[in-house]
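Following: one structure in structure tokens, then a few remarks.
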Amino acid sequence: MKQIKAIYPGSFDPLTNGHLDLIERGSKIFHELVVAILRNSEKEPLFDVAERREMLAQATARWPNVRIDTFSGLLVDYVLKQKAHAILRGIRAISDYEYELQMALMNRKLNASVETVFMMPAEAYSYLSSRLVKEVFRLGGSVRDLVPPEVEERLHNKFRPVALPANQGKH
Ligand code: PNS
């Protein structure tokens, strides 16, 4: 059987259980799966690329054929540089489809030899996104079942209020 190397690109700011579910599914059907974090995003990230990379490495350590990397510039150029054959993307709901189709067709226009493969995460994660995780956490909601433990811990560390010295605030 042909051995297929795939790239799973994204922002992963932060990694969610939905991403992880897709990584696990991808690790089962691809010979090698490279999770590639976009470096030159215009968005203001919550976690820097090094932090995102560490969290991904910890959460995916159990799958020996999964590797974490970063990329900038055009995704298809990175795919070719990696000598990979496919791009993996997740589709949670029909609302994802239009954007994903647009990206897949643009990537095909840029390089017809690169295929995009879509997989569906478990339906329990169909509503889950990094944006909502950040919003829920910032507003005090629990993200326990939404992100892996290493991400939850980092979220707490990032947002934990600085403890005031014992005598501060007293008059
Ligand atoms: O997690 P995201 O934000 O949905 O991931 C989007 C990503 C990183 C896959 C997309 O922005 C991307 O591929 N960027 C690289 C630039 C590129 O190749 N653009 C043209 C193809 S549409």
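The values are calculated or read from the model by the stated rules, or taken from the named source; none is laboratory data. Please read all numbers here as calculations on a predicted model, not as lab measurements. No Cβ is skipped: glycine too gets one built from the backbone with ideal geometry, and neighbour counts run over all protein chains shown. Quick note on the areas: whole protein, heavy atoms, side chains included, nothing else; ligands and nucleic acids left out. Shrake-Rupley method; radii C 1.70, N 1.55, O 1.52, S 1.80 Å.
If the condition is being under 17 Å from Ile7 (Cβ atoms), of a type outside the set (A, V, I, L, M, F, W, C) and open to solvent by less than 80 Å² (accessible area, probe 1.4 Å), then region 75-112 contributes Tyr78, Gln82, His85, Arg89, Gly90, Glu100, Asn107, Asn111. Summed over region 74-129, residues that are farther than 24 Å from Leu146 by Cβ, more than 10 Å from the ligand (Cβ to nearest atom) and touching a residue at least 60 places away in the same chain (Cβ under 8 Å) total 6.
Tell me the residue from Ala50, Ala59 that is among the small types (Gly, Ala, Ser) and without any contact (Cβ under 8 Å) to a residue 60 or more places away in the chain, please.
Working: Ala59 fails: without any contact (Cβ under 8 Å) to a residue 60 or more places away in the chain.
Checking each option against the conditions leaves just Ala50.
Reported count of residues in region 26-74, each being open to solvent by 30 Å² or more (accessible area, probe 1.4 Å) and in a helix (DSSP H, G or I), is 9.
Taken as a whole, the condition of being hydroxyl-bearing (Ser, Thr, Tyr) and modelled with pLDDT under 95 does not apply to Ser113.
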